[in-house]
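Trainee: Questions regarding the structure given below will be posed in turn.
The values are calculated or read from the model by the stated rules, or taken from the named source; none is laboratory data. Being a predicted model, the structure only gives us computed values, none of them experimental. Note that each Cβ is placed from the backbone with ideal geometry, even for glycine, and that neighbours are counted across all protein chains shown.
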Amino acid sequence: MAPLPERADAVVVGAGFAGLATAAALTARGLRDVLVLEAEPVPGAHSSGRNAAMARRVIEDPLLARLATRSLELVRAADDADEDGVRVLRPTGGLLLGDDAAVDALLAAAATVPDLAADARRLSPAEATALVPALAGADFHAAVHTRECGIADSHALLTRFALHARAGGATLRYREPVTAIHRDGGRVDAVETPSGRVATGLVVNAGGAFASGLAALAGAAAPAMTPMRRHLFVTAPFDGVDRGAPFVWDVSAGWYFRPEGEGLLLCACDQTAWPPEAPPVDPGAKEALAQKLDALVPGLRGARPTRGWSGLRTISRDGRFVIGPDPEVTGFFWVAGLGGHGMTTAAGVGELAAIGILEGALPAPYAAGFAPGRFATSTSSRGSSPSGEPS
């Protein structure tokens, strides 16, 4: 293995969606001396590789809906350019169910984003069931349907970011955990790994569930973020849902499903605070999911979850992302707290982070909405490690 460079203009820590998208966006804007460090042997080993691959733009928070819409525009543009011969996004459509208040909130958020407002429409239960017959007998009051949401190839998207970062001059190093972040006064000065020390004036914290621990190395206060465990399961072959059907998500009752191979991918939207480590599968989670769907979605009673996995979604106290310069440690830039929206928003997140780094500030309204310092009165303490939505 080649030695680490002695210096870098930027060191991005974490090779998940946040880190690789940021590295790709930085190099696309001319910053060539970028080093990406990842503790695992492969990119996306944690949350980025364990998501449900649903590209959902209709989100209750208008700021996130706006960013998700921009992000998928960037993904579609790359697909249309045929830059790598791979189409990441498959627009199967999305169908969000819920009670009237929840659907009203979703549509209100969508109405603030022109491209999304043109695509989102309210459906009655009968209209939604006509789209997905397996919803017959399910308990929901209304639905939101979009045609341009859909399913993304998570691995292909992650690979695209890595290829673009490398093509722009970035160096990617795996099995390279950061063991120390050095400061000169209040400014980042260098990072250290088992392979050596790299001088840098900028560390990008894209550590996902490990972001708060990385902040502790820099002496930065951790924002109010908590890693949460969630389970996903797939079923044996199931003929009750068309392979080209939209994903279905009940935002009120908390469950979703989509076609996956010959079966379905299912989730009960469970979340439990968990330490920043690879979480095991709860032995009772599969049965809990089956019972929940049996009660709420009669049309899926023949779909039995078989194998499953769990992953972490790191969620901030207000549900928004943490993107921007640390308020106290100069040269320490946050790209964290993406919850379960990391895959859908990655391209937009990378673009925002690159603008914030190279131009000195995120554009409005993201600067205030995602500012790391907005949790200044949080009970999170400086240098502490965390004890411990949607895809």
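Trainee: Collect the residues in region 200-222 that are surrounded by 24 or more Cβ atoms within 10 Å (Cβ to Cβ) and either part of a strand (DSSP E or B) or touching a Gly at 6+ places or on another chain (Cβ under 7 Å) (or both), keeping them in residue-number order.
Mentor: Passing the criteria: Val203, Val204, Asn205, Ala206, Gly207, Gly208, Leu214.
Trainee: Before we move on, is Gly319 in contact with a helix residue (DSSP H, G or I) (Cβ under 9 Å, 6 or more places away or on another chain), surrounded by 18 or more Cβ atoms within 10 Å (Cβ to Cβ) and not in a helix (DSSP H, G or I)?
Mentor: When the stated conditions are applied, Gly319 does not pass them.
Trainee: Which members of region 151-190 meet the condition of being assigned to a strand (DSSP E or B), surrounded by fewer than 22 Cβ atoms within 10 Å (Cβ to Cβ) and under 22 Å from the mean Cα position of the chain (by Cα)?
Mentor: Leu172, Arg173
Residues are listed down the side, and each one gets a yes or a no for (1) closer than 28 Å to Ala53 by Cα; (2) surrounded by 23 or more Cβ atoms within 10 Å (Cβ to Cβ):
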{"position": "Arg304", "(1), (2)": "yes, no"}
{"position": "Gly311", "(1), (2)": "yes, yes"}
{"position": "Ile323", "(1), (2)": "yes, yes"}
{"position": "Pro327", "(1), (2)": "no, no"}
{"position": "Phe332", "(1), (2)": "no, yes"}
{"position": "Thr345", "(1), (2)": "yes, yes"}
{"position": "Ala353", "(1), (2)": "yes, yes"}
{"position": "Gly373", "(1), (2)": "no, no"}
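Trainee: Under 9 Å by Cβ, and 6 or more places apart or on different chains, what pairs join a residue from region 168-195 that is among the hydrophobic types (A, V, I, L, M, F, W, C) with one that is in a loop (DSSP other than H, G, I, E, B) and at pLDDT below 95?
Mentor: Qualifying pairs under 9 Å: Ala170/Arg32; Leu172/Pro43.
Trainee: From the set of residues in region 307-348 that are among the hydroxyl-bearing types (Ser, Thr, Tyr) and in contact with a Gly (Cβ under 8 Å, 6 or more places away or on another chain), which is farthest from Ala206 (Cα to Cα)?
Mentor: Checked region 307-348; the qualifying residue farthest from Ala206 (Cα to Cα) is Thr330.
Trainee: Taking region 86-133, which residues are within 19 Å of Thr345 (Cα to Cα) and charged (D, E, K, R)?
Mentor: Arg87, Arg90, Asp115, Asp119
Trainee: If you check Leu74 against the conditions, is it surrounded by fewer than 21 Cβ atoms within 10 Å (Cβ to Cβ), of a type in the set (A, V, I, L, M, F, W, C) and under 18 Å from the mean Cα position of the chain (by Cα)?
Mentor: So Leu74 fits the description; yes.
Trainee: Does Glu287 satisfy being surrounded by fewer than 21 Cβ atoms within 10 Å (Cβ to Cβ) and under 26 Å from Ala130 (Cβ atoms)?
Mentor: No, not satisfied.
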